[in-house]
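Let me begin by presenting the structure, written as structure tokens, before commenting on it.
The values are calculated or read from the model by the stated rules, or taken from the named source; none is laboratory data. Bear in mind that the values here come from a model prediction, so they are computed numbers and not experimental data. Reconstructed Cβ throughout: ideal geometry from the backbone, glycine too, with neighbour counts over all protein chains shown. All accessible areas refer to the heavy atoms of the entire protein, side chains included, with ligands and DNA or RNA removed. Shrake-Rupley method; radii C 1.70, N 1.55, O 1.52, S 1.80 Å.
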Amino acid sequence: MRAIGLVEFGPPEVLHPVDLPDPPTRPATVRVRVRAAAVNPADTYLRSGAQAAALASWPPPWVPGMEVVGVIDTVGAGTREAWSVGQPVVAVVSPLQQHVGGYSELVVLPETQVAPAPARLDPAEAATLPMAGLAALLTVDQLALGRGSTIVVTGAAGVLGGYVTQLARERGWQVIADAAPRDAAAVRRLGADEVVARGSGRDVARRIRQRHPGGADGIADVADLGPGLLPALRDGGRFADLHGRTPSAALGRDAARVDLVAPIVSDYIGRADKLRSVSAYASSGVLVPRIAETVPAVRAAQAHRRLERGGLRGRIVLTVG
Ligand SMILES: NC(=O)c1ccc[n+]([C@@H]2O[C@H](COP(=O)([O-])OP(=O)(O)OC[C@H]3O[C@@H](n4cnc5c(N)ncnc54)[C@H](OP(=O)(O)O)[C@@H]3O)[C@@H](O)[C@H]2O)c1
């Protein structure tokens, strides 16, 4: 099979077509023939070498890609679900665990990482859902706020921030989005009730406290603004650090008055029930994918360069096969 991979870590240009043996199924796995794969920030971390230690046990070439849409190609022995060959599916891939990521014609995955594709979406749209949708769902699950609560979403103009905003609205939370003025209308369309101009964590926290003197109930810090945001939280509020970089010690004086949670999507990779929920949210229109561009997989290097330049709105999706 053909894939897009790398044999040395580095800039986008290290990505190139590679030929690999067709992977065989194993018990409780399915083989998916990939139609489209979304390009995520995490793929750039794999490519650049930021995850080299985690990949050390796998020989090159390494193949990035954490979310795909495709059809069932082969059903392994002993699967629990009634998969049928040709069935459209979405799947979340962990190149750190499965070795070969989603930029490939075939992926073999535990069936728990696969779910029926959402109704009514084209493959490129559906490809933006599995990983970012799971991360967004994990974030709102961990924040676990009551209806009517207020949540601050940083990086709300991005794909993950957009999904967190949409799921937060579905839970009946009031969303205060942090976004650039040029993105204000777009994040309101996603469901944000208010928009505060982006800036440092302290700037954003000050703006929120001016409007909400009692403080917000929760923060989903998708843009990684960090502990500077904490003054925006009310006593007993909950801070979701999606980058796993905020040790409790960094909370300083706030440690005693706020809760810290660290939603990392690997906790939901293999949770078939959660992936099916993401697919169902897309079918019902709660999660609305945004595509920046759809390009053939051989243009993966250009896609990485474009993503790393910043300012992208929606995902670049690679068409495969
Ligand atoms: N915890 C997890 O399991 C998990 C899962 C998936 C993703 N992530 C992380 O979540 C982050 C966002 O991912 P994504 O897929 O949503 O990426 P994305 O689509 O590229 O969106 C990132 C958004 O954040 C905005 N942004 C950047 N710096 C900002 C700042 N200082 N203040 C406000 N907004 C800012 C960007 O705006 P500009 O383009 O204008 O800079 C962009 O709109 C990435 O760091 C990713 O690694 C974590």
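Under the convention that each Lys and Arg Cβ holds +1 and each Asp and Glu Cβ holds -1, the size of the dipole of segment 132-265 around its Cα centre is about 340 debye. Here's the picture: charge each Lys and Arg Cβ at +1 and each Asp and Glu Cβ at -1 in the chain, and of P24, A300, G285 the one pushed furthest to the positive end of that dipole is G285. Taking other residues whose beta carbon is less than 10 angstrom from the beta carbon of L190, and scoring Lys, Arg as +1 and Asp, Glu as -1, yields +3.
Remark: relative contact order (segment 132-265) = 24 percent; criterion is Cα-Cα distance under 8 angstrom and separation of 6 or more residues. One Cα centroid belongs to segment 35-90, the other to segment 149-194; the line between them spans 29 Å.
In this structure E67 has an accessible area near 0 Å², from a 1.4 Å probe over the protein heavy atoms. The value obtained for the chain, namely the Cα convex hull volume divided by the number of residues, is 127 Å³ per residue. Around the Cα centre of segment 1-46, unit charges on the Cβ atoms of Lys, Arg, Asp and Glu (plus for the first two, minus for the last two) sum to a dipole of about 360 debye.
Summing charges over all other residues whose Cβ lies under 15 Å from the Cβ of G49, with Lys and Arg as +1 and Asp and Glu as -1, gives -3. Nothing charged except the Cβ atoms of Lys and Arg (+1) and of Asp and Glu (-1): what's the magnitude of the dipole of segment 1-81 about its Cα centre? Round to the nearest 20 debye. Dipole size: approximately 240 debye. Classify segment 132-265 as rounded, prolate or oblate from the Cα gyration tensor: take a ≥ b ≥ c as the square roots of its eigenvalues, call it rounded if a/c is under 1.5, otherwise prolate when a/b beats b/c and oblate if not. Rounded is the answer for segment 132-265, as its axis ratio a/c remains below 1.5. Per atom type, the chain shows carbon and sulfur on 52% of its accessible surface, probed at 1.4 Å. Summed over the residues of segment 135-188 and divided among them, the accessible surface reaches 29 Å² per residue at a probe radius of 1.4 Å.
What's the long-distance tail for segment 60-125, i.e. % of Cα pairs beyond 19 Å? Value for segment 60-125: 31 percent of Cα pairs lie more than 19 Å apart.
Across the chain, the relative contact order, built from alpha-carbon pairs under 8 Å that are at least six residues apart, equals 20 percent. Pairs of Cα atoms nearer than 8 Å and 6+ residues apart set the relative contact order; for segment 1-43 it is 30 percent. With contributions of -39500 (n - 2.57) from each DSSP H run of at least four residues, the per-residue ellipticity at 222 nm computed over the chain stands at -7500 deg cm²/dmol.
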